[in-house]
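Only one structure is covered here, and it is reproduced in the block below.
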Amino acid sequence: MSGANGVHMRRAFVGSMAAGMLAALIMLLIAYSHPSLLAREKYVSDYAAASTIRQLFDNTAAQLANQTGVAYSFAAAESGYANATFNLGFAFQDASGLVSNYSLFLQDNYSSPASALITPDFSAMDNGRVEIMSNTTVFYADYATQSAGFTAAPGVEATGMRNLSITFVTSQTLNQTTPWSYDEDGDINVTVSVQHAGGTNISNGLLDSSLAHYYWFNFTGTPGAKTFMVFAGNDSVSSGVAWVNVTSAPGSLTLSGVFPYWSGQLWYYNATLAVDKGAINRTSKVITWEGG
């Protein structure tokens, strides 16, 4: 081997060693940054699982709205307040069977395709009652009592409601009304609209949330009496509450209220979903609104 060739070979060997050491250093840095390629795949997998679980919770809220027939919407109102609106397209249908079937579907039929263990708890809806709540207020629709409205959350003395709008649409004929008396110095602005076979009755004014107020609508028809009764104010337990009761008068009902709101406040079903997917485990109420 000539001297020149030897020099070239030594240079090639040194270059190869340097390249190898550089590659090893890069791999070492990657190893310290990511414990292993399997770990990196796990991180990606966990992120995908978390995204899938979020979609599952969102879809569950939408499906519960479909099954119960109670549609909802939320929007920020004036500073410090939010508007919550609930619509019963067919007032007071008993959806407990539909909700039970959906619960079984999630647990028995959806868990395997989703590669997850899904455990719903919709037992609060077993008796035909739907509750969507915040930390101050509970909206409810109850098939057994044919009533719906806003009450204070457990342990809360007042909802803080400042606006209330109630709309009832029926094909029945209005026969008689017994209105409440408005309070000039009241703290809740209330609007009641009843659309019936003979037209539309609209009433608006201020009510004192610390007092009890009743408004009666009587309809003609058979069989039996048909009434639509509205309550607003204080129910001897808490103030700023409102509810309606319908007796034998079919129709659709919309209730809307403006309530205090602060950042991070949630509205959610009185229903729980537990999901175990990979390294992600989440048990939570089914959220309908996370604020804006």
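Has segment 267-285 got any residue that is in a loop (DSSP other than H, G, I, E, B), in contact (Cβ under 8 Å) with a residue 60 or more places away in the chain and more than 16 Å from T173 (Cβ to Cβ)? Before you say what the answer is, go through the steps one by one.
Taking segment 267-285 and keeping what is in a loop (DSSP other than H, G, I, E, B), we get 278-279.
Now narrow it down to the ones that are in contact (Cβ under 8 Å) with a residue 60 or more places away in the chain: 278-279.
Narrowing the set further to residues that are more than 16 Å from T173 (Cβ to Cβ) leaves 278-279.
Yes, because at least one residue in segment 267-285 is in a loop (DSSP other than H, G, I, E, B), in contact (Cβ under 8 Å) with a residue 60 or more places away in the chain and more than 16 Å from T173 (Cβ to Cβ).
Against the definition (touching a strand residue (DSSP E or B) at 6+ places or on another chain (Cβ under 8 Å), at pLDDT 95 or above and closer than 19 Å to Y140 by Cβ), how does I202 come out, yes or no?
Answer is no for this residue.
Suppose we filter segment 171-225 for residues that are more than 16 Å from N245 (Cβ to Cβ), buried (at least 16 other Cβ atoms within 10 Å of the Cβ) and in contact with a Pro (Cβ under 8 Å, 6 or more places away or on another chain); how many remain?
1
Scan segment 80-124 residue by residue and report those that are at pLDDT below 85 and hydroxyl-bearing (S, T, Y).
Matches in segment 80-124: Y110, S111, S112, S115.
I'd like the full set of residues that are of a type in the set (A, V, I, L, M, F, W, C) and part of a helix (DSSP H, G or I), limited to segment 87-100.
Initial filter on segment 87-100 (of a type in the set (A, V, I, L, M, F, W, C)): 88, 90-92, 95, 98-99.
Listed by number, the residues that qualify are L98, V99.
Of the residues G199, G205, G233, which is under 21 Å from A152 (Cα atoms) and without any contact (Cβ under 8 Å) to a residue 60 or more places away in the chain? Spell out how you get there, then give the answer.
On the way: G199 fails: under 21 Å from A152 (Cα atoms); G205 fails: under 21 Å from A152 (Cα atoms).
Checking each option against the conditions leaves just G233.
Please determine whether any residue of segment 239-257 is more than 18 Å from G69 (Cβ to Cβ), in the same structural domain as T60 (by TED's automatic domain parsing) and under 16 Å from the mean Cα position of the chain (by Cα).
So far as segment 239-257 goes, yes, one or more of its residues are more than 18 Å from G69 (Cβ to Cβ), in the same structural domain as T60 (by TED's automatic domain parsing) and under 16 Å from the mean Cα position of the chain (by Cα).
The values are calculated or read from the model by the stated rules, or taken from the named source; none is laboratory data. Please read all numbers here as calculations on a predicted model, not as lab measurements. Positions of Cβ are backbone-derived with ideal geometry, glycine not excepted, and every protein chain shown enters the neighbour counts.
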